[in-house]
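The values are calculated or read from the model by the stated rules, or taken from the named source; none is laboratory data. For clarity, every value in this text was computed on a predicted model and none was experimentally measured. So basically every Cβ, Gly included, is an ideal-geometry build from the backbone, and we count neighbours across all protein chains shown. All accessible areas refer to the heavy atoms of the entire protein, side chains included, with ligands and DNA or RNA removed. Shrake-Rupley method; radii C 1.70, N 1.55, O 1.52, S 1.80 Å.
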Amino acid sequence: MKTALITLLLLVASNFSFAQTTSEVPTQIISTDTAVTYRLFSTRNMYTFIKLDTRNGKMWQVQWSNKGKEYRFESTLSDISQVNKDEEKNGRFFLYPTTNIYTFILLDQVDGRTWQVQWGKEDERLVIRIY
């Protein structure tokens, strides 16, 4: 009985460890409304989202918490518009998750340009063009 219990615990622990290191891209639940200006994209961190201005590619890291307001914040990932003001259009930009928990790909759905988006601690955030 004791051996069976230990085996069961090891099996459950190994399955839990595997689930954390899987290379599967997270499923996104996205509104089908293409006329929206802003979208929230979930990350694999249960407290963190990325808010995207779909008109121009500007982004913010949004964190929620039950612990108190000092743990809830919205901070800038990129405040640089990726298009001129006259090129802005709702639904132009979209974020795609990667297998890296901290990395997304930003796509300009009009001209096909892409950027690597890294969220995390302030000194680890970046948005760089992929050529």
| message | One residue is enough: does the stretch 40-50 have a residue meeting the conditions open to solvent by less than 70 Å² (accessible area, probe 1.4 Å), touching a residue at least 24 places away in the same chain (Cβ under 8 Å) and farther than 18 Å from residue 106 by Cα? | response | yes
| note | Taking first residues from the stretch 104-131 that are within 17 Å of residue 49 (Cα to Cα) and second residues anywhere that are among the β-branched types (Val, Ile, Thr) and open to solvent by 80 Å² or more (accessible area, probe 1.4 Å), the pairs with Cβ under 9 Å that are 6 or more apart or on different chains are 116/128; 117/128; 118/128; 127/80
| note | Flagged in the stretch 101-117 as open to solvent by 20 Å² or more (accessible area, probe 1.4 Å) and either at pLDDT 95 or above or closer than 16 Å to residue 131 by Cα (or both), in numbering order, are 102, 105, 107, 109, 110, 111, 112, 113, 114, 116
| query | Looking at residue 89, is it surrounded by fewer than 13 Cβ atoms within 10 Å (Cβ to Cβ) and either assigned to a loop (DSSP other than H, G, I, E, B) or modelled with pLDDT under 95 (or both)? | reply | no
